[in-house]
Amino acid sequence: MKIVDLKTYVVANPPPHHGGPYFIFLKLTTDDGIEGIGEVYGVPFSPDKVTQLIEDIVERYVVGWNPFQTEKLWRTIYSSGYSQHPDLTLVAVLSGIEIACWDIVGKALGQPIYNLLGGQVHEKLRSYTYLYAAPQTELQEGSRATSIHTDPVAAPERAAYYAEQGFTAVKFDPVGRMSALDPRQLSLEVLENAELVTKNVREAVGSKCDLLIGTHGQMTTSSAIRLAKRLEQFDPLWFEEPVPPENRSEMARVAQFTSIPIASGERLATKYEYVELLERQAAAILQPALARMGGIMEAKKVAGMAEAHYVQIAPHLYCGPIEAAANIQLGTCSPNFLIQESIETFGGFYAELLKEPIKWEDGYIIPPDKPGLGVELDEEVAAGNPYQGAAFSPVVD
């Protein structure tokens, strides 16, 4: 079996853009007609340039390759250009290719990928969602809120809404917008508002929901510790990326000064970066984004390293349904799986992109038993919604 063809899709995700304004998918086809789908996430260039990068890598390294030899292919691409370094751009492209190869292998063997990585451990996967605004939501006039996450009225209302749907955990960022100049020292006003929002969310959901403090590296170490001390009374399940991910030593210092478990990993690539979180005791929960960090097998290796440190995994998801499917395969076969990020209940356009949507019931994802990733991209829908805008950047000044 050899890979003989590539097709890419840059798909516009319509408003309200939950999961990002666009998704980048690739399809690999073998000489005997088996197709595998992958997704590429987080490359900081315009999507048309990203597809060119995918085409370049596939032409040079993947066409003619046996998709069963994913380990050797991974090492070959990772070492290209005499790099052997966790470069986010190269590794994200590699991730999409690797996921597509595993999809092919599973289909060739008639097995879901999790059966090829140790077998099913979990019959269902607990999931959480961000707090997303209801349609036509307006923030309180005169409020300090920059989004519903920082609105002490809207945030608890939406948290209660998701709890009623069956979610047992919700995530929100009570600090506010990230900045290109982060980390920064939060003002006393911001600290007080973050405490109030978290207090109100806890009161709205009681003990029915875990609270996930989903910050985005906005704070200096000292500021993160100040915020953590205020939030400990509400017993969050985690404090995510309290400082930027580039300095694992400072993240470890935050972990030393708070009882809230630290979660991190969505902006890291390969086992070589995750091992620093473990060695420095910087995080109790790892959040691999499989379409960015190296793919399915690399994430399984990270999960194994984490298991040996009694650290759990909570795969990150803020892109399309193919990475979601890969995350589900990983979570299903990982003993130290904690919880999976969902885009609400995987409905709307997310569901339209798949021939059969991801199955979500009462706060849990039901793993598929079909071969490969267990989902099929609806290529007509993907092709019918081309994205032609600029690169997505959530960072604001």
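Quick notes on this one:
- Using Cβ point charges alone (K and R +1, D and E -1), the dipole size of the chain about the Cα centre works out to roughly 860 debye.
- Once the C-beta distance of Q256 and V4 is scaled by a Förster radius of 30 Å, the resulting FRET efficiency is 0.05 to the nearest 0.05.
- Computed FRET value (nearest 0.05) for K370 with E189, which takes r as the C-beta separation and R₀ as 41 Å: 0.20
- Ordering of 75-83, 44-52, 92-100 by packing [mean C-beta count within 10 Å, highest first]: 92-100, 44-52, 75-83
- Length gained on full extension, S46 to Q84, computed as 0.36 nm times the residue gap minus the Cα-Cα distance: 11.3 nm.
- Here is the P(r) of the chain: all C-alpha pair distances, binned every 10 Å from 0, give 5, 24, 34, 26, 10, 2, 0 in whole percents.
- Evaluated on segment 240-378, the Kirkwood hydrodynamic radius is 15.4 Å, with distances taken between all distinct Cα atoms.
- In the chain, the longest principal axis of the Cα atoms and the axis of helix 270-279 are about 40 degrees apart.
- Extreme residue, positive dipole direction of segment 3-111, given options Y9, P86, F68 (C-beta unit charges): P86
- Distance between the modelled labels on T29 and Q281, one decimal in nanometres: 5.5 nm (7 Å Cα→Cβ projection).
- Gyration tensor (alpha-carbon) shape descriptor, segment 3-111, a/c threshold 1.5: oblate
- Eligible aspartates and glutamates near K2 by straight Cα distance, threshold 18 Å, same-chain separation 8 or greater: D31, D32, E35, E55, D56, E59, E71, E98, D103
- Globularity index of segment 82-192 is 1.60 (Cα radius of gyration / 2.2 N^0.38 Å, N = number of residues).
- Potential lengthening of the chain between K124 and V381 amounts to 89.7 nm, from the contour at 0.36 nm per residue minus the alpha-carbon distance.
- Shape category assigned to segment 133-237 from the gyration tensor of Cα positions, a/c cut at 1.5: oblate
Where a number appears in this text, it was derived from the coordinates with a stated rule and is not lab data. Keep in mind the model is a prediction, meaning the values are calculated, not measured. Using ideal geometry, Cβ is built from the backbone for each residue, glycine included, and neighbour counts are taken over all protein chains shown.
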